[in-house]
Every structure is written in C-alpha cells, then in structure tokens.
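Engineer: Could you have a look at this structure, given as structure tokens, before my questions?
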Amino acid sequence: MRKDRLSPRRGRTVILLLACASLLALSARGIPRQQQTNAKEELLAVPGEIGRPGGRLVVSLRAEPKTLNPLTAADTISREVIGAMQADLVHINRGTQLTEPALAKSWKISADGLRYTLTLREGLRFSDGHPLDADDVLFTFRVYLDENVHATQRDLLIAGGKPIAVRKVDAQTLVFQFAKPYGVEERLFDGLAILPRHLLEKPYHEGKLGQLWTPSTPPNEWAGLGPFRLKEYVAGQKLVLARNPYYWKMDLKGNRLPYLDELVFLFVPSADAQVLRFQSGETDLITRLGAENFSVLARQQSAYTMADAGPGLEYNFLFFNLNDLSEKSSAGLARKQKWFRDVKFRQAVSAAVDRDAIVRLVYQGRGAALWGPVTPGNRCWLDPSIAHSPRSLERARALLKEAGFSWPSASNGESTLVDSDGKPVEFSILTSSSSADRTKMATLIQDDLKQLGMHVQVVPLEFRSLIDRVTQTKEYEACLLGLASFDADPNSDLNVWLSSGGTHLWNPSQSRPGTPWEAEIDRLMEQQLATSGYEQRKKLYDRVQEILAENQPMIFLASPDILAGAKNSVANFHPAVLEPYALWNVEQLYFRNGTENARR
Amino acid sequence: MKQRGKFTKWLVFLALLHCAVAGAGFFAPYDPVEQDRGRPYLPPMRVHWVDAQGHFHLRPFFYPLRLREGSFDQYEEGTDAAVPVHFFTSGARYHLLGILPSRLHLFGGAGARICVLGSDAYGRDQLSRILFGGQVSLLAGLLGAGVTLLLGALIGLAAGYYGGWRDDLLMRVAELFLALPWLYLLFALRAFLPLSVGPLEAFLLVVIVIGMVGWARPARLIRGVVLSVKERDFVRAARGFGASDIYLLRRHILPETASVLLTQAVILVPQFVVAEMTLSFLGLGVPEPMSSWGNLLAALQQYSVLVSYWWMYLPALAIVPFFLGYLGLASALQERFGAYKIDEKSGRSRT
C-alpha cells in the first residue's frame, strides 16, 4: 500500500544489506560446506542465534528490479535486491543504527577530519572467486566520481564542492582525502557497493557501464561481495539468488554465512496479493505490511511470527503550494496563495488536524503522530523539545481570527470561513490514488477542516501525474505526501530541506531562498554538513526542526510502524525500522526445521 | 388483466423502494458524512426486546458497543446501559428532496448512536450512507437512461425515417460508439478535466458520460421499428393526405416506438446504475465524503476489509431489490406489449 514514497534524495545511495562477520567453510553447490580455513581470510564474526545451513527463503517484491547495477539503481526495489548482493566498506547496522566494519576491517579519521584511512579485510573474494584488493576500491570510486557515468551516488562524494580524492597506500590500505570536514563521516561509505574491476574495467572504458547488469545478465558476467549472488531470472516471475560461498562473515561458532542456500524474490505487484501468497505458504516472509493486513495476519497468530518494529523513518505531511507562480497560472491559485503564505493560516490548519485519529484510523494505532520530520523511530536525531500540541479548534480559530479570517453567519446554519476580502476558504488536497492510507488521511483532514468552516476537496491522482504537478507544472493547491529517509542521518534529507533541493516540495529548486526562515534552514543544514561531531550537528539539526515546527511549511501528520511477518520456522527474524526492514540480516536468517528444504 | 396486475405490482414495489431512497434524509438516522472516530468498523448492532435481566420491553432497544481493550476493531456489548429506540425523533439537519429543511428522522437512539448496519472506516453510519448513496446512484441511472433514450430516439427516428445516406452515416457512427472501449475513454476524459471537480459537477459529468455512450443500441432498435412502421398502411395513408414529416413522426411513428422505448428504459436504468457504480468504484465518480453505491463498495478493494468486515458488502445487497424490481417490470412490460401486438393482429383497433 505504501507504494509511493518519493525518495528524498534521488541520488542517495543507500542501503545495502547487512552484515557482520566471518570465518571458514566454503560452500555452494557441490563444494562441501566444511572446508579448511584459509589462514589469510579475516572473516567478520557476527552475534546472533546460531543457525543451521540450507533452505530457500522466498519473499515477494512488488515489482521487478529495474537493474542490478548499483550505479544506476534509483528505486527502492532495485536497491533492496542489490543490497542482498553487494557489500560496502563501512556499514550501518540497521538494528543498532550505528556504523560497523564491513569490507574495511577498521578506519581512522585524522584529527582535522579531512583524512580517512581504511584498512581492507584480508582474503576477500568476489562471488566469482576473484580476489579483491585496493585497486578494486580505487576503480570503484573512480567510476562513482566520473561525471560521464552519472552514478546516483556521485553528489554524496562531493564534499565542500570538491570530489573526494582516493589514494592507495598498499594492497590493503586506502586513504580518502576531503577538501572540507564532512559531517557524515564514515556513514558515507554505507551503501557504496565495491565493484569488480576485472569485470567492469573494459565496459567502463567503452562507456557502457550504465547499461550493464540488468536482471537478465548471465550470472557469470556478474560478481559482488554480498551474501548472495545471481543465479536465475525469470522475467515477470522471479529472481533467484544463490548463496555466495566466498562471503566474508561467520557466526560466533565459525560457520560461514549466509545460512540459506537460496533467496528467491517473487514479483507480486499488489500488497493484497502479497498477503495472499504469504497466507498460502508460497512466501516465507513479508515486509512493508499495512496495518490492516498486519492485523488480518496477526489474528492467525499461531501460524506466523508477526513483528512491529515501531515507527519507521517515513513521515507523512500536508503542504501548500508556496511557489512563486508564473503569470499564466490561474488567478484563483494566486488568491489562495495569500492564505497559504500566511504562517498563521498554516499553524491553524496544523492545530485543527486530529493526528491521534489519523494514527488510530489509518494505522490502527500502529504508528506515531508527528510534529516534525524526525520520527520517534530515529532515536539519534529526534528533537525532544518540539511541542506535541494536541488538537485544538479554539487555538485554530484564534489564529485564523488574528490572520483576518472570519465566519459570517450563513443562512443555512453552516458557518463558512471567509478571508479578509470576503471570499470563502476552499481548496483541494491532492493525494496519490494508489495510497489508500494517504487518501484516508486526507478524508480525515477534510472533516477536521470542515469544523473550521473550510471547504476542502480530496483529489486522488495517479502518483506520477501528482509528482508532475508538484514539481513541474506547480498546478495544485495543497498536497498530502510521504517521504521515507533511507538513513537516520539528516543528510539523507538534504534535498528536502535545502531551498535549492528538488524535493523541497512546497517550493522546489529555488535559485535563492524565498523566505528568511528558508535561508536560515539552508545555512544550518550546510553548517551541519561541514561539522564533525554528533553533538554539534545535533544542535544544528534540532534548530532546523524547530524552525520547521514554527513555520509549518509542511504540516507533519503521522508515521507508520514498520510491520513484518514470517513463518514460525524462520529464525533470526528481527525487522528493523531502516530499509530493507526484515532482510537487513538476510545472511543470518535460517529455517528452524529441515522441512523447508524439501518443499517446492 | 392478469398482466396488468403483475405490472402494477412491480410498479408499486419499485415506487416504494424509490421513496425510501428519495426520502433518505428521513429514513436515515444520521448525517451520512458524520464521523464517529472512536468507533470505526462498528459491526451491525443487534436489536433487543428482552434485556439482560430477562425482562421484556415493548420498546426495542440496543446495547451500546464498546471497543475491546487494546483493540482497534473488536467490540463487545455493554449491557449496563440500554439505548432505547425512539421513533420520529429530531436529529441531524437535512433537506428532504433537496428542498424541505427538516430534522425529523424515522428513528434514532436516545443518547447514543445506533448503527443498525454497522459503520465504515471513519465510523460513519452505514445505513445512512447506503440510503444517501442510493440517491446518487439511482438518480445517475435514471438521468443517464433519460439522456440515452432521448438521443437514441432522435437518432433512431432520423435514421429510420429519412433512410439513405443519412441512415448509413448515423448507423456507422452508432457502430463506432458500440465498438468504443468506453471505460478507457472515461479515464482519458477524466484526465483532461480540471483537478478538483465539485461533487455536483462530478455527478453531472458521470450522468452525461454514461448517457452519451449508451445511445447506439436503443437508436438501432428504434430505427428498426421506424423502418417497418413507416411502410404501414396508416402511415402511407396519412402521407397521402399530405401530412408533413414532423407530423408523421410525431403522430404516427413515435407512438409505435413507445413500447420499445419503455422496455428499453426499464432495462437501461439498472444498467446505468451499474455503470455509475463502476465509475465510483474506480474513483471516477462522486468524490468523498459523498457516498454512492459504487464508492461504498470501493472499500472492498482492500483485502483486509474483504475478510474482516462482512457488513461492508451490504451496499452490494442493497441493489438487489432495485434490480429485481426493474427487471420484473421489464418482463411485465414485455408481456403486456406482446399481448397488445397479438390483439392488434387480431384486428382490434388502436385506442
């Protein structure tokens, strides 16, 4: 149901899969699992229940991945699949939300914050058996930073206007040099998949990198460092991944991960169909569940393990069109913008919205009301000083009165709010027709605002045309949308808060900030980007949250819980609030009994 | 005589049903858009005559439903306080037939809401929504059928009577209309329209659209009747006396098509009600918070609703008696006109 979140940062990298650590035992088809330990291999040991090898885990995806190429993947689905197949130098543990070593076993940041020294793990191999060394990393960053490749990650690697310089010290050591201190620190490396130079160097020089690695690529032309590798792709049906025998993590007993032999992604387009597949036993695990479907499954509690990981990073909000309009747009909208631009009007709308009802009726109580963009799920960055003002129609009326609105008594007994020119306050709210949740929120808000005498129409629109209206033609009055940050760090939403950002939804891509408070946010965001040290950055970002709460360019509504379910036989199932939710520890998932192997 | 009785019976039956929908304001206990956010998906409440102590009450009553602790949609009856049913009570304001302001309702609960058919996701009374939704759906069906028949009759008459290239042209256009994938046409049409269409505009749009697309079939039927009628002796005779085209069409030919028109009307109304429901079901009809039978059923697009709340199916049941009535009337009409035709053949004169 939650199909249409917009990525706050198109170009953001994102999430890869998870992981932790290491040791022996090669395996894969044919190769015996228990094998001599390569003395030079430094596997990462990860804590967790010790599992049993084997089995095939089937999960559904709501669409086919468009690509398996980390350079061009911009959609959540491709990223989710790539996450299970690739690895990064430093990884953010989705459970703890903290960084941990991945391909790099350690890193050091110089005192001035400008130089990062990373040491690679010994004995790393790509999924095709080819060894990895510093040259692969050098190659990877050269590709990411090459303008002609148009890698989605490129803008992340520009700090202080200059690209990061990467230097090789020896086969295991690399130095990353920054022009300015970079607030993201080692989190930067999360989601930057390290690419196999031996496969990609030739296509790179031929300029063909962008077209490479689609799902239909033959498995032998593909290699990665993640827990699974490409095995089979059936268009429109499924993508089968097999265990990577060279994966660099082990459990505490020294068994090489992952436990599963195969990971199968079935393409099931609708959320309801995914639930049916899960109920019929065709899939073993289900994520991105809506609250309604969650409670349907929870009623059969005995059959499944259902998990509510708490509010995720998705925030839903209402915003008004605050763009500077061109001459040809309608006079009606210009007149309405006089209300929208009045901060008291926005505060009044915010005060009139019944957020508790949204959480209860839309999310069946499985969600959190929001007064700012940072959800309670984001433990590190939430500003606790933002007031959680409860719904108050009196306050809303007082604010409107101060702003010059009034309620002349009408003959039919229904009071209508009119502005200082005597025009009735009416506007429409766009929502995405494919998101039942957001349409429901809009219907609730419609009723809330009716009590203030505002006449609101809800217009469900196909997602793409909605985005087109909001970011291109700017022909809309108000809109209800949701954004999901990929990472807890505020930088993942840079594009939303900077006035020059393309996702600065209420007035995107401004050449200069239109209001003093937008200028202030710009300044604070840029300042935190160049500051190192969590405490300092937190202070700056708290101030951003306060400015947002005061000016209400977005009226924050609610955040849904991350809900997932699995068969009782799936163990190590610990969904996190960060994408990819239940698959972040896919290398540790295993089946409790052996029967799952025989099935299918 | 027997057919006439059957005909009247169906007519009365339909009239009663339509009265209930037309007087929705009176028969519905609540305002259909009023939300009760504390009680979403309330199951239908049971009417009681005997209380928890075993005493019989002359006045029926309900026990209020309370949310079960920690649950979102599981309710239990609280037997400590009964809510007696009051008849002809004062409640939400409405306009009877869109004109007469009133507050009188057929029934209502004293002190608490009673939802005889349960409530929806927003706690809105389902019975009230079905009755008010019927106004939209039925009116759309009736008006749509009217538009269609008017167009169909005009085009059919013109094509049949004038014949020649005009006939060819009109009938080819009719075939084109029959071949159009009209659902997709509607999607396209909706995309061109301004963003926020008010409830009234949306309704009129639906009516016009379903009226416009359906004219081809009745037009062809009427053309067929006209083709045969215009060669009849009495028409030739009238023409021989110098009657004008308009006079002939109006006085002699149009009345002959009456039976076809009437049966078509009775068959088209339920068809167009379904058309409106389809549009609203897909979100192209009247917008929230207004209800129509189609957008009431739209909630069933969600699997969780489908398996959890059976009373959300009730709007689908509501249409059954209406369609039964219309189809019964259609067959009664057919029998009647069929009988009339035999009479005519046996030589009895027209009245």
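Engineer: Check A:R341 against each of (1) among the basic types (K, R); (2) in contact with a strand residue (DSSP E or B) (Cβ under 9 Å, 6 or more places away or on another chain); (3) closer than 24 Å to B:D73 by Cα; (4) surrounded by fewer than 23 Cβ atoms within 10 Å (Cβ to Cβ) and name the one condition it does not meet.
Structural biologist: Going through (1) among the basic types (K, R); (2) in contact with a strand residue (DSSP E or B) (Cβ under 9 Å, 6 or more places away or on another chain); (3) closer than 24 Å to B:D73 by Cα; (4) surrounded by fewer than 23 Cβ atoms within 10 Å (Cβ to Cβ) one by one, A:R341 breaks only (3).
Engineer: Also, quick follow-up: Taking the residues in region A:468-510 that are within 14 Å of chain B (Cβ to nearest Cβ) and β-branched (V, I, T) as candidates, determine which candidate is nearest to A:G95 (Cα to Cα).
Structural biologist: Taking the candidates together, the pick is A:V470.
Engineer: Need the failing condition index for A:G191 against (1) on the phi < 0 side of the Ramachandran plot; (2) in contact (Cβ under 8 Å) with a residue 24 or more places away in the chain; (3) away from chain B (no Cβ under 14 Å); (4) touching an Asp or Glu at 6+ places or on another chain (Cβ under 9 Å), just the number.
Structural biologist: (1)
Engineer: Could you check region A:535-575 and list, in sequence order, the residues that are in a loop (DSSP other than H, G, I, E, B), touching a Phe, Trp or Tyr at 6+ places or on another chain (Cβ under 7 Å) and surrounded by fewer than 24 Cβ atoms within 10 Å (Cβ to Cβ)?
Structural biologist: Across region A:535-575, the qualifying residues are A:P553, A:N568, A:S569, A:N572.
Engineer: Still on this structure, I have one more. Tell me which of these A:P269 doesn't satisfy, since it passes every other one: (1) assigned to a loop (DSSP other than H, G, I, E, B); (2) crowded, with 18+ Cβ neighbours inside 10 Å; (3) within 14 Å of chain B (Cβ to nearest Cβ).
Structural biologist: In the conditions (1) assigned to a loop (DSSP other than H, G, I, E, B); (2) crowded, with 18+ Cβ neighbours inside 10 Å; (3) within 14 Å of chain B (Cβ to nearest Cβ), A:P269 misses (2) alone.
Engineer: Can you confirm whether region B:74-93 contains a residue that is over 30 Å from A:T439 (Cα atoms), more than 14 Å from chain A (Cβ to nearest Cβ), in contact with a Pro (Cβ under 6 Å, 6 or more places away or on another chain) and among the aromatic types (F, W, Y)?
Structural biologist: No.
Engineer: Taking A:W213 as the residue in question, decide whether it is at positive phi, away from chain B (no Cβ under 14 Å) and crowded, with 19+ Cβ neighbours inside 10 Å.
Structural biologist: yes
Engineer: Ok, one more. Counting only residues that are touching a Ser or Thr at 6+ places or on another chain (Cβ under 7 Å) and of a type in the set (A, V, I, L, M), how many does region A:73-113 have?
Structural biologist: 5
Engineer: Could I ask something else about it? Can you find even one residue in region B:198-216 that is at pLDDT below 85, loosely packed, with under 13 Cβ neighbours inside 10 Å and among the hydrophobic types (A, V, I, L, M, F, W, C)?
Structural biologist: Checked against the condition, which is being at pLDDT below 85, loosely packed, with under 13 Cβ neighbours inside 10 Å and among the hydrophobic types (A, V, I, L, M, F, W, C), region B:198-216 yields at least one hit.
Engineer: Filter region B:36-73 down to the residues that are outside any loop (DSSP other than H, G, I, E, B) and within 12 Å of chain A (Cβ to nearest Cβ) and list them by number.
Structural biologist: Result: B:L67, single match.
Engineer: Among the residues of region B:290-319, how many are more than 14 Å from every other protein chain (Cβ to nearest Cβ) and small (G, A, S)?
Structural biologist: 4
Engineer: Kindly indicate which of A:L188, A:L199, A:L192 is surrounded by 16 or more Cβ atoms within 10 Å (Cβ to Cβ) and outside any helix (DSSP H, G or I).
Structural biologist: It is A:L192.
Engineer: Can you pull out the helices (runs of 4 or more DSSP H) entirely within region B:129-236 that have at least 2 residues that are in contact with a helix residue (DSSP H, G or I) (Cβ under 7 Å, 6 or more places away or on another chain) and within 30 Å of A:S428 (Cβ to Cβ)?
Structural biologist: Output list reads B:182-192, B:199-213.
Engineer: Which of the residues spanning region A:435-463 are more than 10 Å from chain B (Cβ to nearest Cβ) and within 30 Å of B:Q301 (Cβ to Cβ)?
Structural biologist: Those that are more than 10 Å from chain B (Cβ to nearest Cβ) and within 30 Å of B:Q301 (Cβ to Cβ): A:S435, A:D437, A:R438, A:M441, A:I445, A:L449, A:Q451, A:M454, A:F463.
Engineer: Being aliphatic (A, V, I, L, M) and surrounded by fewer than 18 Cβ atoms within 10 Å (Cβ to Cβ) is the filter here; which residues of region B:275-298 pass it?
Structural biologist: B:L282
Engineer: Is it true that B:A299 is modelled with pLDDT of 85 or more and closer than 21 Å to B:P32 by Cα?
Structural biologist: Spelling it out, B:A299 is indeed modelled with pLDDT of 85 or more and closer than 21 Å to B:P32 by Cα.
Engineer: Out of region A:281-305, which residues are among the polar types (S, T, N, Q), more than 13 Å from every other protein chain (Cβ to nearest Cβ) and not in a helix (DSSP H, G or I)?
Structural biologist: Passing the criteria: A:T283, A:T287, A:T305.
Engineer: Yes or no: A:D88 modelled with pLDDT under 80, closer than 18 Å to A:F486 by Cα and assigned to a loop (DSSP other than H, G, I, E, B)?
Structural biologist: Here the answer is no, as A:D88 does not meet what is asked.
Engineer: Could you please let me know if A:V470 is outside any helix (DSSP H, G or I), under 36 Å from the mean Cα position of the chain (by Cα) and at pLDDT 85 or above?
Structural biologist: For A:V470, the condition - outside any helix (DSSP H, G or I), under 36 Å from the mean Cα position of the chain (by Cα) and at pLDDT 85 or above - is not met.
Engineer: Taking region A:147-182, which residues are surrounded by fewer than 13 Cβ atoms within 10 Å (Cβ to Cβ) and either part of a strand (DSSP E or B) or without any contact (Cβ under 8 Å) to a residue 12 or more places away in the chain (or both)?
Structural biologist: A:E147, A:K162, A:V169, A:D170, listed by residue number.
Engineer: Residues of region A:487-545 being among the hydroxyl-bearing types (S, T, Y) and within 25 Å of A:N316 (Cβ to Cβ), which ones?
Structural biologist: A:S492, A:S499, A:S500, A:T503, A:S509, A:T515, A:Y541
Engineer: Among the residues of region A:365-375, is any β-branched (V, I, T), within 14 Å of chain B (Cβ to nearest Cβ) and within 30 Å of B:Q302 (Cα to Cα)?
Structural biologist: Checked region A:365-375: no residue is β-branched (V, I, T), within 14 Å of chain B (Cβ to nearest Cβ) and within 30 Å of B:Q302 (Cα to Cα).
Engineer: Still on this structure, please answer the following. Do we have A:S432 as within 23 Å of the chain's Cα centre (by Cα), within 13 Å of chain B (Cβ to nearest Cβ) and either under 16 Å from A:G482 (Cα atoms) or not aromatic (F, W, Y) (or both) here?
Structural biologist: yes
Engineer: Another question, if that's okay. Of the residues that sit in region B:74-100 and are aliphatic (A, V, I, L, M) and part of a loop (DSSP other than H, G, I, E, B), which one is nearest to B:C115 (Cα to Cα)?
Structural biologist: So, considering only residues that are aliphatic (A, V, I, L, M) and part of a loop (DSSP other than H, G, I, E, B), the one nearest to B:C115 (Cα to Cα) is B:A82.
Engineer: Given the structure, is B:A140 at pLDDT below 90 and not basic (K, R)?
Structural biologist: Yes.
Engineer: May I pose another question? For region A:63-118, give me the residue count where each residue is of a type in the set (S, T, Y), closer than 22 Å to A:K168 by Cα and surrounded by fewer than 19 Cβ atoms within 10 Å (Cβ to Cβ).
Structural biologist: The number of residues fulfilling the criteria is 3.
Engineer: Let me ask you something else. Can you name every residue in region A:361-390 that is within 24 Å of A:F294 (Cβ to Cβ), surrounded by 20 or more Cβ atoms within 10 Å (Cβ to Cβ) and either over 25 Å from the mean Cα position of the chain (by Cα) or not aliphatic (A, V, I, L, M) (or both)?
Structural biologist: Residues satisfying the conditions are A:Y363, A:Q364, A:R366, A:G367, A:T375, A:G377, A:N378.
Engineer: For the list (1) within 14 Å of chain B (Cβ to nearest Cβ); (2) at pLDDT 90 or above, I need the number of the one condition that A:S329 fails.
Structural biologist: Condition not satisfied by A:S329: (2).
Engineer: A:L212 is checked against (1) within 27 Å of A:I158 (Cα to Cα); (2) in contact with a Lys or Arg (Cβ under 6 Å, 6 or more places away or on another chain); (3) aliphatic (A, V, I, L, M) and fails just one. What number does that condition carry?
Structural biologist: Every listed condition holds for A:L212 apart from (2).
Engineer: Would you check which residues across region B:101-112 are away from chain A (no Cβ under 13 Å) and assigned to a strand (DSSP E or B) and list them?
Structural biologist: Matches in region B:101-112: B:L104, B:H105, B:L106, B:F107, B:G108, B:G109.
The values are calculated or read from the model by the stated rules, or taken from the named source; none is laboratory data. Fair warning: this is a prediction, and the values are worked out from it, not measured in the lab. Because the Cβ atoms are built from the backbone with ideal geometry, glycine has one as well, and the counts that use them run over all protein chains shown.
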